[in-house]
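Asker: Can you read through this structure? Questions will come right after.
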Amino acid sequence: MISAERVTGAARTRVMRSPWTWVVGASVLLAALPFLLHLDGIAHGDWLQFLGRFHPTLLHLPIGLIVLVPILEIAGARRPALREAADFVLRAALVLALPTFALGYMLAYGAGDTGTTVTRHMWGAVALCIGLMLCILLRPAWVGRQQAFAYPALLSASLLALLWTGHQGGSITHGGDYLTHYMPGPVRVLFPFSGPKGGSSGSFFALHIHPVLDAKCVACHGSGSAKAGLRLDSYDDLMRGGKDGAVIVPGKPQASLLLARVTLQPGDPHFMPAEGRTPLTSDEISWIRAWVRAGATATSPNIPGVSIAGDQAEPPPKPVGDYSGLVPEIQQMQRGLGAKLVPLSAKASDGLILRTVDMSSSFGDAQLAQFEKFAPYIVEAELARTAVTDASFDTLKRFTHLRALHLEGTSITGSNLAKLSGMTQLTYLNLSGTKVTSQSVAPLRKMSNLRHLYLFNTPAEPVENTARSTP
Amino acid sequence: MKQHPLCTDCERELDVTNLPIPTGLKQEWSAVETRRQFLGRSGKVLGWAALASLFGEAALRGSAFAADTKSPVTSPGRNNLGLPHFAPKAKRAIYLFMSGGPPQIDLLDYKPNLASQYNKDIPDSVRGNQQLTGMTAGQSRFPIAPSHWGFKQYGRTGTWVSDLLPYTAKMVDDLTIIKSTNTDAINHEPAIMFMNTGNMNPGKPCLGSWLAYGLGSMNDNLPTFIVLQTKTNPKENNQPVSSRLWSSGFLSSEYAGVGLRSGGDPVLYLADPDGIDREVRRRMLDAVEEINRQTQAEVGDPETNARIAQYEMAFRMQASVPELTDLSKEPQSTWDLYGPDAKQPGSFAYNCLLARRMAERGVRFTQIYKRGWDVHGDVVGVLPTLCQETDRACYALVTDLKRRGLLDDTLVVWAGEFGRTVYSQGGLSADNYGRDHHPRCFTTWMVGGGVRPGITYGETDDYSYNVVKDPVHARNFNATILACLGIDHNRLTYDFQGLDQRLTGPQPAYVIKGLLA
């Protein structure tokens, strides 16, 4: 310490000033680069792109080193040797960060990337590099206890810049909602702003086209980065097209550039998605084609001829309660009556089916009444061709968990059908071959969940139904 | 001298009952178990005892429904396997088996580019190293035979269908057409075995038996698994169809398919002879059952139990089968739909109508065999007949199930054992050709509970020779059928010969998710 005090003032000034000059010069150069070489959205040369693609290879190295610095500084409080290493790690991080920045810039400039995310990523990197250089300069003062706060503050700021820059980079590669896309419901509540955007929800575009574009295309053609001036993150942008013109021609899949590019051979230089990103599946392509052929509207709810699994997905059935205590009783019922209560599946909460098929003619209202105590667990009642009558509806209305009710071939007339209106879970009702009339089935129209109603061979049968059944 | 049923030792034939020894000793002998029985049983008992102690009372009670151990014989619908594994979309299935191998190129796999390649040789690059049958291996060339019939687009889906299938064309929006079905075998017997049992060698249980074993009966008065054979048309090239296709293999024989005859009485000797009423029959069966139970207690052969169950089933079928096959109460709309063929017992249309009636009555699995699709020659002459016999009936069955609300929980499958070649077998002329067996791709369809309506799955190349997209191997085809019925094909197993046997065999098989609704 004493010998250091004796260093002449002039020499000290020379030693201190020269690194400051370097840092300020480098910072100005970094900050000016985006103005000198403007990211103009035009691709510039293969060499730049070739080198630029090593950006993702290199970038994780400086990240690791930068994160190591605060760890070493904190651990160094106990073991001073570690703190000595921090200076080296900090310098090594800068040595790697600068070429990483250069490669990243080559990638963006070479490939013609533009967009807010790219710009943010770039400025984040500039800030990070400057931050690192300042950290190196200010650290000796902190070690020498001359400046207690400047270095820690700057290091923290650099770490924040790193986090932010890294996130922007990730968004460029994977898409903006990459982190939050699979956020579970309870967590999502905490972040009300995140999550899939609605749009005209329920339309074919919103349900099937937009998610495909979002997952496969928006990383390069979105708000973050709009290559070739094309954005696919909203319906309007999609229809506007890019610098090569419209990519969707309503009604004409063959003329739609988007379809042309995704259906090229995967090795083709114009194949999309480019750069080895996951291609569209054949299903996804066929949905887009069908959607374009049908006029490519934002609102139409479905496309004729396209049936997508899960499209009409019925809500998962409500589990029934635990009936294990009743099992001995159920078995006794079967021995006595012959009608069976069979589990729908190995999962007890899927409920029971009331099955009468092998003793149907002797199963009447009285027998049905005996099953009433199991009603909360019965999800399907097969009463086809049994002797149940209209009087059974007083019992049936208590079977509130029924999802399917078979009454085909019974003698019911339907006068009591309104009593079923409390069955909110009923999706299937078969009244074929009964005497029900169009008046008596009218109350069923109010049951919104009832999607499968069969009236074949009844007075209520719609006329067109009969016409269709005979070729 | 008859051997003891369980004695496999040929040198020591023993029949205690014939030996000159006191009666008491004979009785004592019959009470003694054989060594094999003793070892087999004691091993199992120890295992079960260990398991029971591990699981405590829950194992004994069962999670959903425990086995009804008291009367395993009289309730074929017992559900002690804990199936279905998950909530099924289909409760039952109807399998329309087109034996012989329908030519996909002339029916549903439209190849518009072939017309311009008439009589050109199929490129070697397409044929690859495909094994040929003995029928065409000697041919010097493999000239391309475009389909003789035109194709049109139908339905909202715009599916291409041959002019031979005007009725099938009407329901394409409901069908799940699979163009990429493929199999391992190139000849009828191994191929039809493979489709039905998942193995080319006989001896494995077929799909229907696995379903009967796994899911049990819905109606105790009818067999769980019924097979209907269509009367053959002598003009067609009929390959034999034998009962080993609906055999239960190593499963108990009560799970085997019950064949109904295509003419006369559907089940022979089902009606009681004159002078024997139902009461007498019942008493007789009770006595036979008592004797069989004694035999079972003595010998311990599980096949005795199967026999008791079959006698009981036959007794119940005396009442249920006449009702099933009595079509006199069918409304006129039925005949309008199925056409006049349906009035001929044994016709494909008649069988389709029966299949619908069985579906209504809770038969778990009905398989209809239609032979004659083996069109090695004279495709132009024979194929229209085959289509005329089946097209309308298939449509009628699907439509009938649909309008009666049965298609929601019934899976209908249409498949043969393989497809046919694009090149002509024998001479190719401007107006006729033949087609040889082709295992690499063939077209099948499904409709109903569990499958996605209105799609065409998989693609073949321009020659309908190789699958180019989304192949569906026969194993995966079967796994997918099981999935529709709520069964995980990997978990429906039966321990036999040291292997957990399953329908899809030991090789990995996958449910084709793209086919499922």
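Asker: I'd like to verify a number: residues in the range A:348-366 that are over 20 Å from A:Thr400 (Cα atoms) and within 7 Å of chain B (Cβ to nearest Cβ), how many?
Answerer: Total satisfying the criteria: 2.
Asker: Which pairs do you get when a residue that is free of Cβ contacts under 8 Å to residues at least 60 places away in the same chain and over 22 Å from A:Pro266 (Cβ atoms), found in the range A:280-303, comes within reach of a residue that is among the hydrophobic types (A, V, I, L, M, F, W, C) and surrounded by fewer than 16 Cβ atoms within 10 Å (Cβ to Cβ), reach meaning Cβ atoms under 6 angstrom, with the pair 6+ apart or on two chains?
Answerer: Short answer, once both residue conditions are applied: none.
Asker: Exactly one of (1) hydroxyl-bearing (Ser, Thr, Tyr); (2) within 14 Å of chain B (Cβ to nearest Cβ); (3) in a helix (DSSP H, G or I) is unmet by A:Thr434. Its number?
Answerer: Looking at each condition in turn, A:Thr434 falls short on (3).
Asker: Show the residue pairs that are 6+ apart or on different chains and have beta-carbon atoms under 6 Å apart, the first residue being within the range B:213-235 and away from chain A (no Cβ under 11 Å), the second being polar (S, T, N, Q).
Answerer: Taking only residues 6 or more apart or on different chains, the pairs are B:Thr224/B:Ser217; B:Ile226/B:Thr366; B:Val227/B:Gln367; B:Leu228/B:Asn351; B:Gln229/B:Ser262; B:Thr230/B:Asn351; B:Lys231/B:Ser262; B:Thr232/B:Asn238.
Asker: Follow-up. I'm trying to understand the selection: among the residues of the range A:384-408, which are within 13 Å of chain B (Cβ to nearest Cβ) and within 45 Å of the chain's Cα centre (by Cα)?
Answerer: A:Ala384, A:Arg403, A:Ala404, A:Leu405, A:His406, A:Leu407, A:Glu408 - these are the residues of the range A:384-408 that are within 13 Å of chain B (Cβ to nearest Cβ) and within 45 Å of the chain's Cα centre (by Cα).
Asker: Further question on the same structure: Give me a count of the residues in the range A:255-273 that are among the aliphatic types (A, V, I, L, M) and assigned to a loop (DSSP other than H, G, I, E, B).
Answerer: Qualifying residue count for the region: 2.
Asker: Among (1) within 14 Å of another protein chain (Cβ to nearest Cβ); (2) over 19 Å from the mean Cα position of the chain (by Cα), which single condition is B:Asp500 missing?
Answerer: It fails just one condition, (1).
Asker: Further, regarding this structure: Suppose the filter is facing chain B (nearest Cβ under 9 Å), more than 20 Å from B:Ser320 (Cα to Cα) and crowded, with 17+ Cβ neighbours inside 10 Å; does A:Val327 pass it?
Answerer: Yes; evaluated as a whole, the condition is true for this residue.
Asker: Please go through the range A:413-450 and give me each residue that is in contact with a helix residue (DSSP H, G or I) (Cβ under 8 Å, 6 or more places away or on another chain) and of a type in the set (S, T, N, Q), ordered by number.
Answerer: A:Thr413, A:Ser415, A:Asn416, A:Ser421, A:Ser432, A:Ser440
Asker: Helices (runs of 4 or more DSSP H) wholly in the range B:258-368 with at least 2 residues that are in contact (Cβ under 8 Å) with a residue 40 or more places away in the chain, in contact with an Asp or Glu (Cβ under 6 Å, 6 or more places away or on another chain) and within 14 Å of chain A (Cβ to nearest Cβ) - which ones?
Answerer: Here the list reads B:348-360.
Asker: Of the residues in the range B:469-489, how many are closer than 19 Å to B:Ala90 by Cβ and part of a loop (DSSP other than H, G, I, E, B)?
Answerer: 5
Asker: Related question: Look through A:Gly295, A:Gly242, A:Gly222 and report the one residue that is surrounded by fewer than 15 Cβ atoms within 10 Å (Cβ to Cβ) and either under 23 Å from the mean Cα position of the chain (by Cα) or modelled with pLDDT of 80 or more (or both).
Answerer: A:Gly295
Asker: Does B:Ala396 qualify as being touching a helix residue (DSSP H, G or I) at 6+ places or on another chain (Cβ under 6 Å) and either away from chain A (no Cβ under 14 Å) or over 25 Å from B:Leu515 (Cα atoms) (or both)?
Answerer: So B:Ala396 fails the test.
Asker: Only one of B:Lys89, B:Lys26 is at pLDDT 60 or above, touching a helix residue (DSSP H, G or I) at 6+ places or on another chain (Cβ under 6 Å) and within 14 Å of chain A (Cβ to nearest Cβ). Can you tell me which?
Answerer: Result of the check over B:Lys89, B:Lys26: B:Lys89.
Asker: Please specify each residue of the range A:256-265 satisfying the condition of being more than 16 Å from A:Asp283 (Cα to Cα) and modelled with pLDDT under 85.
Answerer: Across the range A:256-265, the qualifying residue is only A:Gln265.
Asker: Would you say B:Leu354 is surrounded by 21 or more Cβ atoms within 10 Å (Cβ to Cβ) and outside the structural domain of B:Ser247 (by TED's automatic domain parsing)?
Answerer: So B:Leu354 fails the test.
Asker: Checking the structure you have, find out if any residue of the range B:156-170 is more than 14 Å from every other protein chain (Cβ to nearest Cβ) and within 30 Å of B:Asp488 (Cβ to Cβ).
Answerer: Scanning the range B:156-170, I find no residue that is more than 14 Å from every other protein chain (Cβ to nearest Cβ) and within 30 Å of B:Asp488 (Cβ to Cβ), so the answer is no.
Asker: Looking at B:Val511, B:Val413, B:Val447, can you tell me which residue is in a loop (DSSP other than H, G, I, E, B) and within 21 Å of the chain's Cα centre (by Cα)?
Answerer: Only one candidate qualifies: B:Val511.
Asker: Could you tell me which residue of the range B:369-408 is surrounded by the most Cβ atoms within 10 Å (Cβ to Cβ), considering only residues that are within 30 Å of B:Ser320 (Cβ to Cβ) and without any contact (Cβ under 8 Å) to a residue 40 or more places away in the chain?
Answerer: Only one residue fits best here, namely B:Gly405.
Asker: Going by the conditions given, is B:Met195 surrounded by fewer than 17 Cβ atoms within 10 Å (Cβ to Cβ), more than 14 Å from chain A (Cβ to nearest Cβ), among the aliphatic types (A, V, I, L, M) and out of contact with any Ser or Thr (no Cβ under 6 Å at 6 or more places or on another chain)?
Answerer: no
Asker: For residues that are out of contact with any Cys (no Cβ under 9 Å at 6 or more places or on another chain) and within 14 Å of another protein chain (Cβ to nearest Cβ), scanning just the range B:433-458, find the one that is surrounded by the fewest Cβ atoms within 10 Å (Cβ to Cβ).
Answerer: B:Pro453
The values are calculated or read from the model by the stated rules, or taken from the named source; none is laboratory data. Note that this is a predicted model, so its numbers are computed, not measured. Quick reminder, even Gly has a Cβ in these numbers, built from the backbone with ideal geometry, and neighbours come from all protein chains shown.
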